[in-house]
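Single-structure report; data block below.
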Amino acid sequence: QIRLMQSGGGSAQAGGSLTLACAVSLSTGCGRYDLTWYRQAPGKEREFVGRIDVDGRPSYADSVKGRFTVSQGNGKTTVYLQMNSLKPEDTAMYYCKTEAPTSQDYEEFPIVGCEYDYWGQGTQVTVST
């Protein structure tokens, strides 16, 4: 299995910054994955925020480009979401999730017999005016 433990989050004023962390613990041979950040606000559908792929390449939703940064720690077991220039619209529950690699550089994913979709427990981000 893959276990994801989230930390960080909390409250910030508009224009401020917060950093989320997602620590990944592996007990599976299916250890290559993308890690994606999602968020969901009350009454709204869950939306994609950003991703770091199996090769360490980040990508972002248009709504957060230039403000949010997805990165890996040196040991590649923790993924961070650095959120700058926060807006009230960023208020949501934030989740990290491992997923099957999306890179088109590979043909072997998803591997039959591997389960990729594991979720962190979520952490609340609240941005006030």
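The values are calculated or read from the model by the stated rules, or taken from the named source; none is laboratory data. Just so you know, these numbers come straight off a predicted model, no measurement behind them. Cβ: placed from backbone, ideal geometry, glycine included. Neighbour counts: every protein chain shown. We work out accessible area using only protein heavy atoms, side chains counted, and drop any ligands, DNA or RNA first. Shrake-Rupley method; radii C 1.70, N 1.55, O 1.52, S 1.80 Å.
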- [ ] With the checklist (1) under 17 Å from Trp119 (Cβ atoms); (2) surrounded by 16 or more Cβ atoms within 10 Å (Cβ to Cβ) in hand, flag the one item Arg3 doesn't pass.
- [x] (2)
TODO: Sort out which residues of the range 20-54 are open to solvent by less than 40 Å² (accessible area, probe 1.4 Å) and charged (D, E, K, R), and write them in order of number.
DONE: Asp34, Arg39, Asp53
Task: Which numbered condition Arg57 misses (of (1) open to solvent by 70 Å² or more (accessible area, probe 1.4 Å); (2) under 10 Å from the mean Cα position of the chain (by Cα)) - done: (2)
Open item on the list: Tell me whether the range 67-88 contains one or more residues that are surrounded by fewer than 13 Cβ atoms within 10 Å (Cβ to Cβ), under 18 Å from Val127 (Cα atoms) and in contact (Cβ under 8 Å) with a residue 24 or more places away in the chain.
Closed with: yes
TODO: Please list, ordered by first then second residue, the pairs with beta carbon atoms under 7 Å, 6 or more apart or interchain, first in the range 27-40 and free of Cβ contacts under 8 Å to residues at least 60 places away in the same chain, second assigned to a loop (DSSP other than H, G, I, E, B) and open to solvent by 50 Å² or more (accessible area, probe 1.4 Å).
DONE: Ser27/Gln1; Tyr38/Arg46; Gln40/Arg46
Open item on the list: Cβ-Cβ under 9 Å, sequence separation 6+ or interchain: first residue in the range 110-125 and among the aromatic types (Phe, Trp, Tyr), partner at pLDDT 95 or above and open to solvent by 50 Å² or more (accessible area, probe 1.4 Å). Which pairs?
Closed with: Trp119/Tyr95
Open item on the list: Out of the residues in the range 100-122 meeting the condition of being within 13 Å of the chain's Cα centre (by Cα) and open to solvent by 20 Å² or more (accessible area, probe 1.4 Å), tell me which one is farthest from Arg51 (Cα to Cα).
Closed with: Gln121
